[in-house]
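This report refers to the structure that appears directly beneath it.
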C-alpha cells in the first residue's frame, strides 16, 4: 500500500450506541492534529457512501460532541451495498453496488475508510477490504456480544441506564410489596441484564444463555416472602426464553411483526406470574431505546476515544483490513477476516454468573 | 378539641410517590423537636391501622430518608376500612371495620392521625373525621390531578424521569431518523406528559384532555421531514385516546386485565403509525413504575418538607379535618369535606398548552 | 407604537445561568412560527450590540439547545454602553456609546430588542427604553434575588447541583465522622443555601441575611455528637458573615483581588472551626461555577420557555418597556422602571426559614 | 490452617471510597448464603478492633446498601494498632497494642479478618498476618494508585464526579470566554485527572507525574484563542507541581496545616494565570470530598461485588495472607507481603497519556 495517506473517510452503521460521536471526534482530531490527514464523513452509513453524501470533518465539526449520544454522521440499519435495494425499470431489485461505492471513494480521493459498526456493518467492511479498499473497522455493539473484543463502547452506558431503572424500581417495589420486571436489551447475549442485575440489586436475572423455569422464579419470590422480603426485582433480557424450549407465543407476540419491540417477553412473564402468584402485584417496564441514547458514560467516552485514536494509528502504520479491539485493558487489533460472525455470549458457568449466584441471585434455573 | 396533643400517628396510602419519606421525616422531626409530641407510624396504610401494626417514629428512624423514594411505612392500595374485605365463616365479606381502627387509635393513645395519600385514601380520612377522629390530610398524587392543591410532591420527580427519557430518545431518534413514542403516566390528566413534553423537546404531546386525530400526527411527521427533520418525538399519557371517541381496542388490550399496564396506548399508536408511515421506523417505550421510584427531586424534597411541617402546625393549632395544600407559592389548608372527588385536569385552552403550541408542539388535534 | 413588528433581536448579558438557551429557543420559535417575525441575536451581550456582531436566529440555529447550559449568543459581564470603555487617542476612556447601539439597531432594521439579563443588564435595557428603543426584558439571576419576580430560571438548576453535592458529602461525613462545609453561591441573598440546605439535609445553613455566631455552630456540632451523630453538614452562602459584624479577614482574603473566588468564607470557617473543635475533622468544598453550567433542570427548562413565549406575546401586544416575571404560578410583566435595584433577600422570619428551623436546622444564630 | 472457618469479621479503614458498602454486602451475602459463615463487623476500622466494638452483619444488615457511598462500618484514618496512641498515667503514649486486638479476635471467636483499606490499612493487615492472624485484604484507594491491582473500586465513581463537573464548567466557560480550573484528587498519582480530563473534554491536564511549565499553559490558551476558542478547561490533580521543581509556596499554603485541603494548587494556578493573561477571566473550583461520597457508580458496584465474593472464596480455600486484586479483567490475588508500599503512578509515556496527546490535550510540558 501507499504510505502517503492524505484523506480518510468515516461512516457509522447499524443501531444507535453512545460513544459513536466520541470515536468520530477522536479519529478526526488525531487525524488532523497528529498526522495532518484530511477527514470527511459519509452520512447515513453505507447508503451515504453509495449516494456520495459527504460532510467535511474538521476540528470545528467535532467540537462539543464528545459526550453526546447519537452520531453526527447519522446511521442506517441493514444497508448492505453488496446486496442493495435499487430501483430498476420501476421495480425494486437487489444487486451488488459495491463498485459504485468504490468509485465514489476514488472520486473523492479517499485513501482509507474507517467503518464504525456491528457485525453486519463490519461484514461489509471486510468485503470492501477483499476488493482492495483500505479499511479500518471500529467495533460497535451495545450488547457487547462481539467475540473479538473484550468490551465495546456504549455497553456500559446502557448498563448505567438499566441499573438506574432498577434502582428506581427497587424503592417502589419495596414500599408496595411488588414484583417488578425490567426488560432490557440483549437478543442473543445477556450481558446488559447480567451487569445491570448485579449492579442494580436484582433478585432474578433472566438471559438467553440460561433458559428459565417459571416455577423457579415463583419459588424465589416465595422464599423471599418467607424471609420478610415482600418484593422481588427481576431483570430480563429481551432474548430470554423459558426452559422448555417452547416459546409460549402469547397473542401479543402473534400480532406483532416484531414481538421484541412490544416488550414481548417482559410483559409475557408478568402475565404468567400473575396467574401463579396472587400475593403480589406484578409490574413490568420496557426500557427500549432509552438504553441507546442520551449522554455517553464516562467509561465509554474514554474507551471510544482510545478506539478512535487507535484506528488512526493503524492507518499511520498502514495496517489496513483490521478492526481495533480491547484485550484485557490493552488496545489491540484483529484482522477483519477473523472477527465476523463470532458472537460472545454469557458463559453459564463463567465468572460473573458465579459472582451473581454467590450473592444469592437466581437465574431461574 | 383538646389542645393537649401528646401522640400523633402517620400512615401512607395508595401508589408510590417520591416525597413520602420526606413528609414522614418532616412531620416526625417537627413533632418531636418543636412540639414534643410522640410519633408512631402504621405500616401498610389503613391495613396496618386495622391490624394495629405500628412502629415508633423517632429522630433515628427518620434519619437518612429525606431523599429516598418509597415509604418506610410501606403502603397498600385500595384498602378501605369502611368497606373492607374480612374473612367470616370461611368466606370473604366486605364490611365497615372503621370502629376497629378507631378503637386501635384509642388503645394506642393516638390523638391525631396524619394521613398521606391520594383521593381514595383521603376519602377514608374524611370519613374518619366525620366519625370524630382528629385527622390531618397530606395530598399525594404523582399525576398532580388533585384540584385542591396547585402542586403535589412526586409530580416533578416523575416529570424529571420522563424528561430524561425524552432527552435520551432525542439523540437516538435524530441519528437514526425515527419516530419515538414515550408513554408516561396520567390516566385522567396529562400533566406529566405536558410538562415533560415541553421540557424534553417533544414534537407531539398526547393527553387525555385533548383527544387526538392520528392523521394530524402523521401530518406533523411529514411536515418535519419536509423541513429536514427526519425524526419526531411523541410523548403520550397512558390515558390519551383518539379523537373519534372510539377506543380502538387492540388484541393486546382485550387480553389484558389492565391494558395500561401493558403499555396499551403507546404500543397501539406505534403499530398504527407504522401502517400509515413507511419512511420512518417507529419505536415505543413504556416508562412504567420507574416514574414512581428512585430519589426524590430537589423540588419535591422541599415541597414535601413544607407539607410535613405544615401538617404539624395544623395539629398545634387544633385545625383538624383539614388537608394541607399549596396555593401559588403559599402553603395553606382546605377542609377535607371540600377536597374529595375534585380532579384537576389540563385545560385545553390553558396557559401551558398555549405555551407548548406557541413553540410549535402539536397536540394531535 | 407601530404594530408592524418585523424583526426582533436578542442579547444575553451578565453571568452564566442555565436556561438562557431555552429562552432564546422559545423566543425564536414563537416569533417565527406564531408571528412570522425575523429574529437575530447580538453576540457577547451589549458589546456585540456596540460592535454590530449579529447572527441570524432560525429554527435550525435554536435546534437542540433547549437543555444545554450556557448561551449560544455568548455573554459578557459589566459591559455598560452608557459608560463604556473605548480607546481614544491611545487612551482608554469611558463614554456613553448608546447612540452607536441605537444606530446599529436602526441599520439592522430591528424593531424590538429582547434583553435577557440581571439587574445590571436590565438597567441598561431600561435606559435604552428611556431613549425610545422598544425593549422587552427577561430576568436572569442564578441567585433568585430579583424582587420583581417570584422565581428566575437557573436558580433551581443551581439548587440541584448544590443539593447533589450535599448528598455526596452526607455519606462520607457520616462514615468518617466529619464536619463538612459546602460553600455555594449567593453574595447578597441566601436562597440557594436555604433551598439546598433543606433539600440536602444540612444541619446548619449560613446565609448573608442571618449573621452567624461561630459558637452556636460549635454548640450544634457538640449537641449532635451527644445524640450519636458524629458528623455535621454545613452549607454556607459565599456572602455569609459572622454575627459580630466584623469580617475577620484572613490572610487568604487579604491577598486576593476577589476573596469570594478563593472560597474565602467556607475555607475560613473550616479553619476557625478546626481551632475550636478537636474531635472532628473539618473539610470544605467550593462548588464555584459548577453551579452555573451543565444541563438545565426540567423545572428551569419549562420556566425559561414560559418566559420566552411571554416575551414574544408582549411584543405582539406592543407592551414595550416591560420585563416578564412570575407571580405565584402566573406569568406576568412589570415596567422596567420599577424593577431595577430591588433585591429580594431571605426574610429571617419568613416561611422557609421557619420550615428549616422546625425540622431542626440551625442558622448559627 | 484450620479449614473449619465458622466466623469472619470485617473492618474498613482509611478515607472514604464509593464501593465499601458493596464489598461489605458481597462478603456478607456470600459468606452466609454460600458457606454458612457467621459474619460480624468492627466499627471505626482498627480502633473498633482495639475497643471490641462489633455489630452483627446479616442479610438484613446489608440490605439496601449496595449503591450507597460511605461505609456502614464507619472508618477511621491513621489508626495503627502497632503504634497506637493510648493514655497511660495521664499521658498520651504510642505503643503496640496489636496483642489486644488479637485477643479480641480470639474472644469473639473470629477465624478470619477481612480488611478493606488502602496502603496504610493493608500494612497493618500484613503485620497481623505476620503474627498469625488469618487475614484477607481488599484494596481500596480512590486514587487507583495501588500497584498490585489494575483497578480499585471508587476510582470510576470519582472520575464520574470529576467528569460531570468538567461538563458543567464547559458550557459556562464557552459562553463566557473563561479559563476554568478544576482541582481533583490525586496527591501522588494523576489517574483521576487523566481519566476525567479525557472524558470531560479538558484542554489541559496537570498531574504530579508530569511537572508543568505555566508558560506552556499560557501558550495553549492563546493558541486556542487564535483558533476562535476563547475558553480553556484545565483539570489539575491536587498533587500537581510546576516544572522548576520549586513549589512556589503562596501565602495560602504557608498558613495552612494542610495546603491541599485549601485547594492550594488550583487556586494558586488561577492567581498566577491571572497575572499572565488579561484577556480571560479565570475561575477555579475545588471538588474536594464530593468525589468520595454519593452513590457508587455501576462499574464500581460490580467491581466491589466481585472483590467481596473473591475475598470469601479465598477464605473458603484457606488462602490467607492475600489481597484480592484485578489483573486485566480477571480477579486474582497477591500476597500481602508483596503489595505494600508499591505505588502505581501514571507513566508519562504510557498509553493513556499518548491517547490524550493524540487528541490535542496539553500536559503543560
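Might you let me know whether the range C:223-233 holds any residue that is farther than 27 Å from residue D:285 by Cβ, within 28 Å of the chain's Cα centre (by Cα), modelled with pLDDT of 90 or more and not in a helix (DSSP H, G or I)? No, the range C:223-233 contains no residue that is farther than 27 Å from residue D:285 by Cβ, within 28 Å of the chain's Cα centre (by Cα), modelled with pLDDT of 90 or more and not in a helix (DSSP H, G or I). Of the residues making up the range A:153-211, those that are outside any loop (DSSP other than H, G, I, E, B) and without any contact (Cβ under 8 Å) to a residue 40 or more places away in the chain are A:163, A:164, A:167, A:168, A:171, A:172, A:175, A:196.
Could you tell me whether residue A:271 is within 23 Å of the chain's Cα centre (by Cα), modelled with pLDDT under 90 and either part of a strand (DSSP E or B) or not assigned by TED's automatic domain parsing to the domain that holds residue A:18 (or both)? Here the answer is no, as residue A:271 does not meet what is asked. Restricting the first member to the range B:104-120 and to residues that are buried (at least 24 other Cβ atoms within 10 Å of the Cβ), and the second to residues that are part of a loop (DSSP other than H, G, I, E, B), the beta-carbon pairs closer than 6 Å and six or more apart or on different chains are B:112/B:5; B:112/B:134; B:116/B:140; B:117/B:13; B:117/B:14; B:117/B:140. Taken residue by residue, the range D:327-334 has no member that is over 30 Å from residue D:68 (Cα atoms), at the interface with another protein chain (Cβ under 7 Å from one of its Cβ atoms) and at pLDDT below 90. Within the range C:38-54, is even one residue away from chain D (no Cβ under 11 Å), surrounded by 17 or more Cβ atoms within 10 Å (Cβ to Cβ), closer than 17 Å to residue C:309 by Cβ and out of contact with any helix residue (DSSP H, G or I) (no Cβ under 9 Å at 6 or more places or on another chain)? No, that holds for no residue. Flag set for residue D:156, criterion: under 28 Å from the mean Cα position of the chain (by Cα), within 14 Å of another protein chain (Cβ to nearest Cβ) and over 30 Å from residue C:44 (Cα atoms). When residues in the range B:276-299 are screened for being more than 10 Å from chain A (Cβ to nearest Cβ) and more than 30 Å from residue C:193 (Cβ to Cβ), 5 of them pass.
With D:206, D:146, D:182 as the choices, which residue is on the phi < 0 side of the Ramachandran plot and within 12 Å of another protein chain (Cβ to nearest Cβ)? Exactly one residue qualifies, and that residue is D:182. The residues of the range C:257-267 that are at pLDDT 80 or above and more than 10 Å from chain D (Cβ to nearest Cβ) amount to a single one, C:265. Contact map, the range A:42-62: residues that are on the phi > 0 side of the Ramachandran plot and at pLDDT 95 or above paired with residues that are part of a strand (DSSP E or B) and surrounded by 23 or more Cβ atoms within 10 Å (Cβ to Cβ), Cβ distance under 6 Å, separation 6+ or inter-chain. Pairs shown: A:45/A:11. Count of the range D:335-365 residues, restricted to those that are within 23 Å of the chain's Cα centre (by Cα) and at positive phi, is 1.
Name the residue that is nearest to residue D:67 (Cα to Cα), counting only residues in the range C:159-169 that are buried (at least 24 other Cβ atoms within 10 Å of the Cβ) and facing another protein chain (nearest Cβ under 8 Å). So, considering only residues that are buried (at least 24 other Cβ atoms within 10 Å of the Cβ) and facing another protein chain (nearest Cβ under 8 Å), the one nearest to residue D:67 (Cα to Cα) is C:168. Assess whether residue C:125 counts as being away from chain D (no Cβ under 14 Å) and not in a helix (DSSP H, G or I). Answer is no for this residue. Tell me, which residue of the range C:19-37 that is in contact (Cβ under 8 Å) with a residue 24 or more places away in the chain and more than 17 Å from residue C:137 (Cα to Cα) is surrounded by the most Cβ atoms within 10 Å (Cβ to Cβ)? That would be C:29. With the structure loaded, tell me whether residue C:64 is over 25 Å from residue D:228 (Cβ atoms) and within 14 Å of chain D (Cβ to nearest Cβ) or whether it fails that test. So residue C:64 fails the test. It is to be established whether one or more residues within the range C:68-85 are closer than 23 Å to residue C:298 by Cα, buried (at least 23 other Cβ atoms within 10 Å of the Cβ) and free of Cβ contacts under 8 Å to residues at least 60 places away in the same chain. So far as the range C:68-85 goes, yes, one or more of its residues are closer than 23 Å to residue C:298 by Cα, buried (at least 23 other Cβ atoms within 10 Å of the Cβ) and free of Cβ contacts under 8 Å to residues at least 60 places away in the same chain. Go through the range B:308-326 and report how many residues are within 14 Å of chain C (Cβ to nearest Cβ) and closer than 29 Å to residue B:208 by Cα. Residues meeting the conditions: 3.
The values are calculated or read from the model by the stated rules, or taken from the named source; none is laboratory data. This one's a predicted model, so the numbers in the text were calculated from it and none came from an experiment. Virtual Cβ from ideal backbone geometry, glycine too; neighbours counted across all protein chains shown.
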